[in-house]
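The values are calculated or read from the model by the stated rules, or taken from the named source; none is laboratory data. The model shown is predicted, which means the values in this text are computed figures rather than measured ones. Cβ: placed from backbone, ideal geometry, glycine included. Neighbour counts: every protein chain shown. Ligands, DNA and RNA are stripped out before the accessible areas are found, and what is left, the full protein with its side chains, is counted by its heavy atoms. Shrake-Rupley method; radii C 1.70, N 1.55, O 1.52, S 1.80 Å.
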Amino acid sequence: MAEKRAAGLFDLRGVLALLFAVYGFVLTVLGVAFTTQADLDKAAGVNVNLWMGLGMLAVALLFALWVRLRPLTVPEGEQPEQSERDA
Amino acid sequence: MVVGVHLLADADLRLDAAPIDYVLLGVYFVVVLGIGALARRSVSSSLDFFLSGRSLPAWVTGLAFISANLGAVEIFGMTANGAQYGIPTMHYYWIGAIPAMVFLGLVMMPFYYGSKVRSVPEFLLRRFGKFAHLVNGLSFAAAQVLIAGVNLFALATVVNLLLGWPLWLSVVVAAVIVLAYTSLGGLKAAVYNEVMQFFVIVAMMLPLTFVGLHKVGGWDGLVAKITAASPGTASEQLNSWPGMNLTGIGNATLSVLGIVFGLGFVLSFGYWTTNFAEVQRAMSAKSMSAARRTPLIGAYPKTFIALIIIIPGMIAAVLVPELAAFKQGQDTGVTYNNAILLLIRDLLPNGMLGIAITGLLAAFMAGMAANVSSFNTVFTYDLWQAYVRKDKPDEYYLKVGRVVTALGCLVAIGTAFIASNFTNIMDYLQTLFGFFNAPLFATFLLGMFWKRMTPLAGGLGLIAGTASAITVDVLNRNDVLHLAGQGASFVAASAAFVVDIAVSVLVSLVTRPKPDSELVGLVWSLTPRDQLRHDDTGENAGWYRKPGVLAAGVLVVTLALNIVFW
């Protein structure tokens, strides 16, 4: 059942956590250090990168927590899937 | 002179991407292709490839369910509608999608999942036999490659604006990327990417909505600006009912009827309950319970996505000078379809811009992948396996699936150029759905609840229904009927529904039905109740996982939003 093990290694929530951690980090840095007056004027004074960056870091954290609290387990009931495949 | 104006406008549409934006875009595509490669490891049978081995959890299939539809259709089409018509566009969600998704989860899913069919046309095969099956299999395959072309064209437009690549090159490159991950990882890769894309789209739309509102002075500011810009039609744009600007029907009562029956009951129910590109996501869930929860879980984000898609469209129409001028009837080289791009250009700084571009590209790619991954399933199981090469080993069909995926992408490249001739993509898509989905819904409804309906009625009803939708469309295009806006597709869908039912009933009365024994699991009155019920123990336990509770919750929320935006 190599198939099952492969599914276990590959948790979508982890991928999402990673993606938003990277995005959040980059945006926060841009927001803090590289925001120009022109950027601020565009958005009527809102630092879009900073806020979205912090938001994405929070989302990444939530996904990571979810993985931590409810880790992916190999389902015990593999029987139904097998019978469906035969049908 | 005219040429000069257009060149200027094209230059203005260009998004000023910096290197950091390309880096963020690159990160996404590395992850997408990585998922394709990883998912390939779990593909060992044709069922793995086409239905992800029926193994996915409900939250994944639920988000994929709405993401499969969150392609060019919604992002460009619904913001365009928001910019042009305003609040009445919400009907597409709150009268259309949500009730239909609830109906799918509560009523229809038990038949789909319980009968173990692998596709929507296969259900028709079991219920009505080969005639209806072939009609639907062929029309669905044709519709999917057409719509894949629309998504591909939208994608190419963005790449063209962003990188300045010629349209044809953008079309080909985008098709190759979609092909790479769908033919590697099958439905699982497509579904996982849809879920990722969902979150990136939300990340793109949220700042557009909130920063946009902030810039126009909040909701009150938006109302004031719309009223000032178009005093005559402002109240139509700011109230959801009777939505006469959306339907193009001059009478308020008929307009409401058109929205409730045409858009709500026929068009949306038809689309959300029988369109295999959507239903396939639910079929790939790991249990009956998860399959029923798929559309119900999807309905919650769907309810709120209406707000962050339509409101930015409305904001764009007052905030972006070119679009505001276009709305006043001037030729500024932009159209409503550009609303979202213009808003991104005017509001987002580099960084967030890169993520917005990523979201757009991801959405159109995922939309196209949904079309391609449902097309290859129907083509392989319902056309090739059923009529051309029967009884081959499973590996053979897995191979066919991969080849057909490539062919589907090739044809989509062709249809992308058809789509380029339509100004409002949404009109084009609605027309297509009217032709294929509305009669299909009528046939399903009658077939599931009336055991007397005969195989011949199934096939003839579909043909008559589609033919009448095409007739209404042709009459309208040739000015015999006068329906502006999107009313024409509502009327075409309604005609298709009514004609389908009428023809099916008449034909059923003079032909022989299938024996009851062959209809168990396919018709309501002949299916033992416990076969439609699902296991509610273990990981399917808990009151919050009950389909009835989920459905009631989302209906209450939708009703509340309907009242707020009355």
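Some observations on this one:
- Residues that are in a helix (DSSP H, G or I), more than 14 Å from chain A (Cβ to nearest Cβ), over 24 Å from B:MET368 (Cα atoms) and open to solvent by 10 Å² or more (accessible area, probe 1.4 Å) occur in the stretch B:130-151; there is at least one.
- Checklist (1) surrounded by fewer than 23 Cβ atoms within 10 Å (Cβ to Cβ); (2) more than 9 Å from chain A (Cβ to nearest Cβ) applied to B:LEU70, failing item: (1)
- Restricting attention to the stretch A:41-53 and to residues that are more than 7 Å from every other protein chain (Cβ to nearest Cβ) and touching a helix residue (DSSP H, G or I) at 6+ places or on another chain (Cβ under 9 Å), the residue that is most open to solvent (accessible area, probe 1.4 Å) turns out to be A:TRP51.
- The number of residues in the stretch B:275-286 being open to solvent by less than 10 Å² (accessible area, probe 1.4 Å) and not in a helix (DSSP H, G or I) comes to 3.
- The single condition among (1) out of contact with any Leu (no Cβ under 6 Å at 6 or more places or on another chain); (2) part of a helix (DSSP H, G or I) that B:LEU550 does not satisfy is (1).
- Failed condition for B:SER289, given (1) within 28 Å of B:PHE49 (Cα to Cα); (2) open to solvent by 30 Å² or more (accessible area, probe 1.4 Å): (2)
- In the stretch B:95-129, of all residues being open to solvent by less than 10 Å² (accessible area, probe 1.4 Å) and aromatic (Phe, Trp, Tyr), the one that is nearest to B:PRO301 (Cα to Cα) corresponds to B:TYR112.
- Where a residue in the stretch B:275-299 is among the hydrophobic types (A, V, I, L, M, F, W, C) and its partner, wherever it lies, is not in a helix (DSSP H, G or I), with Cβ under 7 Å and at least six apart: B:PHE276/B:SER119; B:ALA277/B:ALA68; B:ALA285/B:LEU56; B:MET288/B:HIS534; B:MET288/B:ASP535; B:ALA290/B:PRO57; B:ALA291/B:ALA285
- Among the residues of the stretch B:496-504, not a single one is modelled with pLDDT under 90, out of contact with any Leu (no Cβ under 8 Å at 6 or more places or on another chain), more than 18 Å from B:VAL120 (Cα to Cα) and surrounded by fewer than 20 Cβ atoms within 10 Å (Cβ to Cβ).
- When the stretch A:14-40 is limited to residues that are surrounded by 15 or more Cβ atoms within 10 Å (Cβ to Cβ) and either acidic (Asp, Glu) or not in a helix (DSSP H, G or I) (or both), the one that is nearest to the other protein chains (Cβ to nearest Cβ) turns out to be A:ASP39.
- The stretch B:530-566 - residue that is under 10 Å from B:TRP94 (Cβ atoms) and among the polar types (S, T, N, Q) and, of those, surrounded by the fewest Cβ atoms within 10 Å (Cβ to Cβ): B:ASN562
- Here B:LYS116 does not fit the description of being at pLDDT below 85, part of a helix (DSSP H, G or I), closer than 27 Å to B:VAL43 by Cα and among the charged types (D, E, K, R).
- Only one of the numbered conditions (1) modelled with pLDDT of 85 or more; (2) under 13 Å from the mean Cα position of the chain (by Cα) is violated by A:ALA33, and that is (2).
- Test result for B:GLY82, at positive phi and more than 16 Å from the chain's Cα centre (by Cα): no
- Condition check for B:THR303: more than 29 Å from B:PHE375 (Cα to Cα), surrounded by fewer than 24 Cβ atoms within 10 Å (Cβ to Cβ) and hydroxyl-bearing (Ser, Thr, Tyr): no
- Matching residues, the stretch A:1-13, being modelled with pLDDT under 85 and either on the phi > 0 side of the Ramachandran plot or more than 7 Å from every other protein chain (Cβ to nearest Cβ) (or both): A:MET1, A:ALA2, A:LYS4, A:ARG5, A:GLY8, A:LEU9, A:ASP11
- Screening B:ALA339, B:ALA369 for residues that are farther than 17 Å from A:LYS42 by Cα, more than 11 Å from chain A (Cβ to nearest Cβ) and among the hydrophobic types (A, V, I, L, M, F, W, C) leaves exactly one candidate, B:ALA369.
- The residues on offer are B:LEU38, B:LEU25, and the sole one that is touching a residue at least 60 places away in the same chain (Cβ under 8 Å), touching a Ser or Thr at 6+ places or on another chain (Cβ under 6 Å), surrounded by fewer than 24 Cβ atoms within 10 Å (Cβ to Cβ) and assigned to a helix (DSSP H, G or I) is B:LEU25.
- Test: residue in the stretch B:227-246 that is within 14 Å of chain A (Cβ to nearest Cβ), surrounded by 22 or more Cβ atoms within 10 Å (Cβ to Cβ) and either farther than 30 Å from B:ALA142 by Cβ or among the acidic types (Asp, Glu) (or both): no
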